[in-house]
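Presented below is the structure to which this report refers.
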Amino acid sequence: MPPPQPPRAGPGPSAAAHKANPERSYTGPKPASLPRPRTPKEAEAFYAQLAKSGDGPPLPRFSRMIGVAGWVAGGFAAAYMVLYYDFGNTREHVFSPVRREWHKFTDSLFNLSASERSMIEAGKQAAPAAPAAAAPSPATK
């Protein structure tokens with residue numbers, strides 16, 4: 001049985017682990033090798049030059065339209081999945097209560113309620129009978 005190892009000191013891999021797998025202990029470039037951060041004035045000049053050259057990102061209006069279209073398509077897909085998609089089982093699932101309420105709502109939009117049906121029936125019974133013969137119009141003489 002090997003002797004117990006002392007606890008590692010400090011963050012990061014140990015020297016032995018670094019020698020065994022140096023690719024796992026890479027932490028990025030040395031800070032001294034990086035360029036200095038840009039000042040806000042330099043950044044503004046850089047992005048102005050980038051916009052003039054045409055090599056920058058796509059036009060903001062086009063990007064916005066694509067973003068809105070993506071959200072709309074995602075919304076329609078989510079609504080379809082929640083309200084209509086058949087998941088292949090006939091058991092109760094998480095969307096069943098929402099679907100019942102949705103179908104009850106759409107049925108109420110396209111069908112008459114009981115009170116509306118009774119008003120129509122009452123209107124049919126109270127309507128006067130049509131005259132037997134209509135008088136001829138002057139245009140048909």
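Bear in mind that the values in this text are calculations on the coordinates, not laboratory data. Note that the structure is predicted; figures quoted are calculated from it, not measured. Ideal geometry is used to build each Cβ from the backbone, glycine not excepted, and the neighbour counts take in all protein chains shown.
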Check: Excluding same-chain residues fewer than 8 positions from residue 41, which lysines have a Cα within less than 18 Å of its Cα?
Finding: 52
Next item on the list: Using per-residue counts of other Cβ atoms within 10 Å, averaged over each peptide, order 79-86, 103-110 from highest down.
Entry: 79-86, 103-110
Notebook entry, point to check: Roughly what would the spin-label model give for residue 100 and residue 73, points 7 Å off Cα along C-beta, in nm?
Noted result: 3.5
